[in-house]
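Asker: Encoded as structure tokens, here's the structure I'll be asking about.
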Amino acid sequence: MNGKRVTSPVTYSVTVPAYDSSSLGKPVTTATKSLQRNQDVAAGTEKTRYFQWLSFIPQHHIDAPLLCKAQNTSVKYFSGDNRGFLDNSLDPDMYDSSWKTRARVSARVGSSWDKSQAPDWLNGWIDKQVGTSHGYDSNLKMIESKNAGTSGIKLTDSGVNPTTSLSYRNVNSSVALPLCSGAPAISWNFFYTARNDGWISVTGEFDQAPSTELLWESTTNSQDSNAYKYGCWYRFNNKGFEKLAPIFPNAEVDLDANPDIARPSCIEK
């Protein structure tokens, strides 16, 4: 990954995990999309698809909750990511920025390679990253740092449906602030599909805080860097950190697009 700018160090891993059905910190029901909705399509040109889900805090810093101040009276603020939504451009470096949680999955469809090899490798591929949290004193001097690690981001299901020529990925996340015991986790869950005819779709459920953005990437020739397309698919503005509490409903997203026909619209909520 090219590092144009990363304002906070991150911990990342690329894994092929076994199925994990552990529950999230705040209830986020499993996102589902009926595979029957994806009708049979003939095998066509190979298509490689990538999808990213990111959560971030736009501010440079935020006030530490009272719960956290009680645990460490010197900490007055916690770090944000100091950025807005990523530019909706074709810049291949558009993914280089800061975030609290990030997951990137891939799907390769329209080829015999995907059906034969993907269950062993590609269908278990997930690039997951978690930004490091910093605690600041009243003068915004950093006095502690810690990374929660990536174990809270899990690829819970993936595979290829040969009948419908469809690849699918299901990922969920529950990552809490590591500098404060008992702090609510940032939770989200998505179900992503890619079909031979070029259509991609995602359904998801997530906390209303912090900000969330979904990014798409596609190509019909993975060997040609000029053949890649990139862009924003969805943006959700932070509705307030109190929305992390279990009493507040989760936000939902349900999107379909075909980058081979038209550039997906960037929807903002």
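Asker: Just subtract the alpha-carbon distance of residue 67 and residue 267 from 0.36 nm times their residue separation and send over the number in nm, one decimal.
Answerer: Numbers: separation 200, 0.36 × 200 = 72.00 nm, distance 3.49 nm.
In short, 68.5 nm is gained.
Asker: Output the peptides 167-173, 183-189 sorted from most to least packed, where packing is the average of other Cβ atoms within 10 Å over each peptide's residues. Working shown, then result.
Answerer: Working: 167-173: 25.4, 183-189: 23.0.
By packing density, highest mean first, the sequence is 167-173, 183-189.
Asker: Along Cα→Cβ, 7 Å out, is where each label goes; now give me the distance between the ones at residue 145 and residue 221 in nm to one decimal.
Answerer: 4.3 nm
Asker: Express in nm, to one decimal, how much length is gained between residue 248 and residue 260 on full extension, taking 0.36 nm for each residue of separation and deducting their alpha carbon distance. Before the final figure, lay out the partial values.
Answerer: Numbers: separation 12, 0.36 × 12 = 4.32 nm, distance 3.79 nm.
So the chain would gain 0.5 nm between residue 248 and residue 260.
Asker: Pairs to check: 76/146; 154/239; 47/229; 47/154. Give those whose C-alpha atoms are more than 21 Å from each other in this structure. Let's see the in-between values first.
Answerer: Values: 76/146 16 Å; 154/239 25 Å; 47/229 12 Å; 47/154 25 Å.
Going by Cα-Cα distance, 154/239; 47/154 fall outside the 21 Å limit.
Readers should treat all values here as calculations from the given coordinates under stated rules, not as data from a laboratory. Remember, predicted model here, so these are calculated numbers, not experimental data. Here Cβ is always computed from backbone atoms with ideal geometry, including for glycine, and neighbour counts include all displayed protein chains.
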